[in-house]
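What follows is a set of notes on a single structure, which appears directly below.
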Amino acid sequence: MSFFPPDPEMPEFDDAPAVRSPWWTAPTDRLPVLYPASEILATTEHLAIALVGVDVYSDGVEIRIERRLRRNDLPYDEWQRMNNAFMEHWAGHGASSAGRLRYGVVLSTGEQVLSDRPFGFAGDPMSPPESSSLVRSGGGGGGDGHSYSSNDALWLWPLPPSGSLELVLQWPTLGVPETRTSLDVSSFGELAEQSRPFWP
């Protein structure tokens, strides 16, 4: 008789494909149509935030944002503190969270939609919200001792109504007050019809 008992049988895994919650994330099986948007949203001596495009899908849009941080002549300790704030290491903890990076949009109907939770969706991701939703993802980045970059993706569901869309952001900790940028989204309905699946 062996000292070691046989391994237990592995349970069968449920390999059914996951069902996407469209209010939570952009589709991964569709090719979006790029809406060409290129706009500086905010700048300070050390920080720049820019809109670099909008991916239009059949059921929503993903707003793509790039962030840049430069050191200039900051002493090392100050640069480290600024870099920590830029990478949002403290987001959601204590009083400092009031100064965090925040995004929102105003639709042509006047509806205000916030991506106001540092760690994602405020409600149950399996239950559809009663109104439009804005979910932030991304945030990956990299750099060195003198510069840093990062990116954000804002998934707005459903497609915004025709007219204008106002993108709102603020980042008090890094010196950015409430800033608004307007986009004409009248073509989004037509662009959404051109989004197509990767696998017909």
Fraction of accessible area attributable to carbon and sulfur, the chain (%, probe 1.4 Å): 53
Relative contact order for the chain, counting Cα pairs under 8 Å that sit 6 or more residues apart, in percent: 26
Among 21, 97, 127, residue whose mean-square fluctuation peaks in a GNM of the chain (springs only between Cα atoms under 10 Å): 127
Region 18-53 residues near the modelled residue 198 label - backbone nitrogen below 12 Å, point 7 Å along Cα→Cβ: 27-32
Heavy-atom surface of the chain, accessible at 1.4 Å and reported per residue (Å²): 59
Surface accessible to a 1.4 Å probe, residue 58 within the full protein complex, Å²: 60
Extended-chain gain in nm, criterion 0.36 nm per residue less alpha-carbon gap, residue 2 and residue 166: 52.0 nm
Signed unit charges on C-beta, dipole axis of the chain, positive-most listed residue 32, 134, 82: 82
Additional length obtainable on full extension of the chain from residue 151 to residue 50, 0.36 nm per residue less Cα span: 35.4 nm
Reported label for calculated Rg and Dmax of the Cα atoms in Å given [x] 20.7, 77; [y] 16.1, 51; [z] 15.5, 46: [x]
Segment residue 74-residue 98, length gained on full extension (0.36 nm per residue, minus Cα span): 6.2 nm
Of 86, 188, 13, the one that fluctuates the most in a GNM where the chain has Cα springs shorter than 10 Å: 13
Estimated [θ] at 222 nm from DSSP helical runs (n ≥ 4, -39500 (n - 2.57)) normalised by residues in the chain, nearest 500: -2500 deg cm²/dmol
Mean Cα-pair separation over length for region 31-70, i.e. relative contact order, pairs under 8 Å, 6 or more apart, %: 38
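The values are calculated or read from the model by the stated rules, or taken from the named source; none is laboratory data. Just so you know, these numbers come straight off a predicted model, no measurement behind them. For neighbour counting, all protein chains shown are included, and Cβ atoms are generated from backbone atoms with ideal geometry for every residue, glycine included. The area values use the complete protein model at the heavy-atom level, side chains included, leaving out ligands, DNA and RNA. Shrake-Rupley method; radii C 1.70, N 1.55, O 1.52, S 1.80 Å.
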